[in-house]
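Notes for the one structure printed next.
The values are calculated or read from the model by the stated rules, or taken from the named source; none is laboratory data. All values derive from a computational prediction rather than experimental measurement. Note that we place each Cβ from the backbone using ideal geometry, even for glycine, and neighbour counts take in every protein chain shown. When the accessible area is computed, the model is the full protein with side chains, heavy atoms only, and any ligands, DNA or RNA have been set aside. Shrake-Rupley method; radii C 1.70, N 1.55, O 1.52, S 1.80 Å.
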Amino acid sequence: MSEMINTNLKKIPVVPLRGGAVFPGVTTTISIGRRRSLAAAQAAVEQGGEILILVQYNAEVELPSTQDLAPVGILATVRDVLRAPHIGVQMLVELHRRVQFHNLETTEPYLVGVYSELAEYDSEDHELIAEAIAYLEQYAEALGEANQQIMSVTRSKRTAGELADYIAGLLNLPFDVELQLLTNTNGVERLQTVIEYLRKEVRIVEIRNKIQQDAREGADKAQREFLLREQMRAIRRELGEDGEDIIEELRQKIENAGMPDEVKERALKELKRLEYQGQHSAEASVIRTYLEWLIELPWSVTTEDNLDIAHVRQVLDEDHYGLDDVKDRIVEFVAVRKLAGPQMKGAIINLNGPPGVGKTSIATSVARAMGRKMVRISLGGVRDEAEIRGHRRTYIGAIPGRIIRALRDAGTKNPVIVLDEIDKVGADWRGDPAAALLEVLDPEQNHSFTDHYLEVPFDLSQVIFITTSNQTSTIPAPLLDRMETIPMPGYIEDEKVQIAANYLLRKQLEGHGISREVQVTIEEEALRKIIRHYTREAGVRQLERNIGKIVRKLAVKVASGESGPFVVTADSVPEFLGPEKFTYGVAEEKDEIGVVTGLAVSGHGGDTLAIEVSLSEGTGKITLTGSLGEVMQESAQAALTYARANARKFGLDPTIFDKTNIHIHVPAGATPKDGPSAGIAMATAVISAFTRRPVRRDVAMTGEVTLRGKVLPIGGLKEKTIAAHRAGIKTVILPKDNAKDIPELPERIREDLTLIPVSHLDEVLSIALLDAEGPPFSVNGNDNDEGAKVPVPSTSGGTPEKSIRAARR
């Protein structure tokens, strides 16, 4: 690189620089802060002006040694030493060339060093010089600091080394790069180093400028929008409009609503439309109503669940007596929620049972037990799909469906929603609401339920849906499949007594303004009398009304000045409620021929049916009355066929059926009846009528019969046994395949009833029929039994087939 010339060593005052370097070829000022440096500058002025400027490695060293200084320095001439009040002492120096520094001779009163001349290599590389000038111009333009005078000086440099030193003096280089350039005596290499640095700096500046430009454009856009908005506000004020406050208010509410990103984007888009169209446009009210619906929905609002299992059980027991199946299911849900956390999906439970058993009220208790809000939606008579999914916004007066409205009313995204009377949803030309409920009640789909009005998805997966129904037969199968059905068949007498004493009486007293200070007692026997002789229901609604009637009569006494205590006994019940409305005990007063007590299930729970068969001389005509459905009529046909096929087995002449008109009647003719479960009861009644064997009045039966006499299983055993118990029946005959359901019956039912499973009709006859009171029924006039000889007028003429068809119509 270079050769050192050591033949002529010279001593010279030295000024060490801290934190930077200088380069030859320019005249500049250097700040002096140390006493020795000021003394060296003054001595240089007195001795002719020459001074050696060295770079100090460590800026914190106050008195540097030879090892602390760079081996190459700049020989300069001090032109003047300046003193200014604010910037301190500065010396004006002209920087000449690089020299080799050897060592320090003295340090007092100033530093004196020894140096020798250096031989440098330089070249007029025009391409390299042009490249360096181009990068410098690009760098200056990027910084916005282009100076024509500086660029002119730059272009005047002839060699690579001169240009490298000049550019290095202009740039704010890192300290290590400055040292590298200072100690390098090869001008071409120095210029290459400067070009590489300029290339990196240009790239950095371009990126920085792009970032600043983007930020500036965003700020300019925001400022422009602000100015335009202020102008629009001023224009509206001149026009007498004050809609700008509404726009800003809606904007703020949208920001605070906690909407998902896609919903928020949709809301802001609609807000911009509203802002552009103005408050007096035809569509403004539609957009504004839509935005208010989006804002009011609880997108991110949830209530914290109370997951204390003991507390949940306590609340459910406080509000309802019995209903253990429902309570257990709710406790299970709370337990799983406690373990699984928020990722658990909501429950979808269907409570199926007759009116008055507490289906809706248990849902309220579930919400209270878990600390959730509860909203009830009545679906009875709903026929329009838009009731569930909402109307399109294109319709006048369009609003969201009932599900979204319920969430708005609840104010939380995880309430308990009760869908009441789901079995009474209808369908017509406007759509099928049950089909719309498929998405609502499907845990795999309802996380993104889309209402027609909102047109944005809403998450229903955290909602607990509790549906109620009186019967499941009218619920579409796909909808029923999505729900977990818990049967609520009704209450037995003991449960009703407990409910009346612990819940209903207290509720009626509070509802009629009778304070707790007034003692009112209804004795247990009085309650049983009310249940047995004034009500006949699966639930407790009639019971509550009767208790309310008693309480109202007591309220008259309290209002008249009587203070009590009041005690209602069994003997005083008629004074409050009037004469008895129902009889309690066995369904029939005595064992009769051709009369069997059957069991059935309706929308009001279980009930007993008296199936009557009367025979008269005729042509074999069959008459069925009592509003019987097709399935029940077919059961009657099967029973008759079995009796005809086994006539000799029962001691009958097979031709008797062709000479006898048979009338089968099921009382309460205004009530439609259907189903196969009365098969064995009809067969027993027919055989009893022909064989003249009375049927035990304390026996009730249920089961489907086949042509071969087999007894097939039925449904609703719990409801039917409760009805038998309520009617005072002592023995219930049921299909053998239903024996597995006996352990699920209430304990009191199992204790009070004799439950006999059977597999064939012969077993039924042996249990239910008594000994014959005379010879079998005949048409020869030898029958002395009045009941068997009484002719039954036919409701239709013609052949048996025509009679059956008339009954079906």
Quiz item: What's the angle, to the nearest 10 degrees (0 to 90), between helix 35-46's Cα axis and the longest principal axis of the chain?
Solution: 30 degrees
Practice problem: Grab the Cα-Cα distance for residue 739 and residue 46, subtract it from 0.36 nm times how many residues apart they are, and report the gain in nm with one decimal. | Solution: 236.6 nm
Practice problem: Would you compute, from DSSP H runs of 4+ residues alone, the mean residue ellipticity of the chain at 222 nm, taking -39500 (n - 2.57) per run and dividing by the full residue count, rounded to the nearest 500? | Solution: -13000 deg cm²/dmol
Quiz item: Can you give the Rg to Rh ratio of segment 463-520, both from alpha-carbon atoms, with Rh computed by the Kirkwood formula?
Solution: 1.21
Quiz item: Along each of its three principal axes, how wide is the spread of alpha-carbon positions in the chain, in whole angstrom units, largest first?
Solution: 167, 70, 63
Practice problem: Taking the chain as the reference, fit the longest principal axis to its C-alpha atoms, fit the long axis of helix 541-559 to the helix C-alpha atoms, and give the angle between the two in degrees, 0 to 90, nearest 10. | Solution: 90 degrees
Quiz item: Computed over the Cα atoms of segment 428-467, what is the ratio Rg over Rh, Rh following Kirkwood?
Solution: 1.00
Quiz item: Roughly how many nanometres apart are two label points built 7 Å out from the Cα toward the Cβ at residue 340 and residue 444?
Solution: 1.5 nm
Self-check item: When segment 542-635 is reduced to its Cα atoms, the Kirkwood hydrodynamic radius in Å
Solution: 18.3 Å
Quiz item: Which translational diffusion coefficient, to the nearest whole µm²/s, is obtained for segment 275-424 from the Stokes-Einstein equation, given a Kirkwood hydrodynamic radius over C-alpha pairs, 4 °C and 1.567 mPa s?
Solution: 73 µm²/s
Quiz item: Helix 284-296 sits at what angle to the longest principal axis of the chain, using alpha carbons and giving 0 to 90 degrees rounded to 10?
Solution: 90 degrees
Practice problem: For segment 597-726, build the charge dipole from Cβ charges (+1 Lys, Arg; -1 Asp, Glu) around the Cα centre, then report which of 652, 725, 676 sits farthest towards its positive end. | Solution: 652
Quiz item: Does segment 314-383 come out rounded, prolate or oblate, given a ≥ b ≥ c as the square roots of the eigenvalues of its C-alpha gyration tensor, rounded meaning a/c under 1.5 and, failing that, prolate meaning a/b above b/c?
Solution: oblate
Practice problem: With N set to the residue count of segment 401-520, report its C-alpha Rg divided by 2.2 N^0.38 Å to two decimal places. | Solution: 1.44
Quiz item: Considering only protein heavy atoms and a 1.4 Å probe, what is the carbon-and-sulfur percentage of the accessible area of the chain?
Solution: 49 percent
Quiz item: Using the scaling law 2.2 N^0.38 Å as the reference, what is the normalised Cα Rg of segment 139-296?
Solution: 1.92
Quiz prompt | Cα principal axis extents for segment 694-777, largest first, Å | solution = 43, 28, 14
Quiz item: Which part of segment 555-577 falls in the paramagnetic zone of residue 523, meaning amide N under 14 Å from the point 7 Å along Cα-to-beta-carbon?
Solution: 566-575
Quiz item: So what are the radius of gyration and Dmax for the Cα set of segment 68-185, in Å?
Solution: 17.2, 49
Quiz prompt | Cα-only radius of gyration and Dmax that characterise segment 624-678, units Å | solution = 12.9, 37
Quiz item: Quick one: what do you get for segment 1-136 if you divide its Cα Rg by 2.2 N^0.38 Å?
Solution: 1.12
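Taking the Cβ-Cβ separation of residue 151 and residue 183 as r and a Förster radius of 35 Å, what is the calculated FRET efficiency to the nearest 0.05?
The calculated FRET efficiency here is 0.80.
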Quiz item: In debye, nearest 20: dipole of the chain around its Cα centre with unit charges on the Cβ of K, R (+) and D, E (-)?
Solution: 2380 debye
Quiz item: From the Cα gyration tensor of segment 476-591, with a ≥ b ≥ c the square roots of its eigenvalues, which class applies: rounded if a/c is under 1.5, or else prolate if a/b is larger than b/c, or else oblate?
Solution: oblate
Quiz prompt | Zone residues, segment 112-133, relative to residue 81, backbone N less than 20 Å from point 7 Å out along Cα-to-Cβ | solution = 112-114
Practice problem: Could you tell me what percent of the DSSP beta bridges with both partners in the chain are antiparallel, to the nearest 5? | Solution: 60 percent
Quiz item: Seen from all sides and averaged, what is the projected area of the convex hull of the Cα atoms in segment 670-724, in nm²?
Solution: 4.9 nm²
Quiz item: Highest mean first, what order results for 673-684, 76-87 on Cβ atoms within 10 Å?
Solution: 673-684, 76-87
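Heavy-atom accessible area per residue, segment 138-293, 1.4 Å probe: how many Å²?
Ligands and nucleic acids excluded, the result is 60 Å² per residue.
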Quiz item: For segment 340-452, rounded, prolate or oblate, judged on the Cα gyration tensor with a ≥ b ≥ c (square roots of eigenvalues), a/c < 1.5 rounded, else prolate if a/b > b/c?
Solution: oblate
Quiz item: Mind listing the Cα extents of segment 48-91 along all three principal axes, in Å, largest one first?
Solution: 33, 26, 12
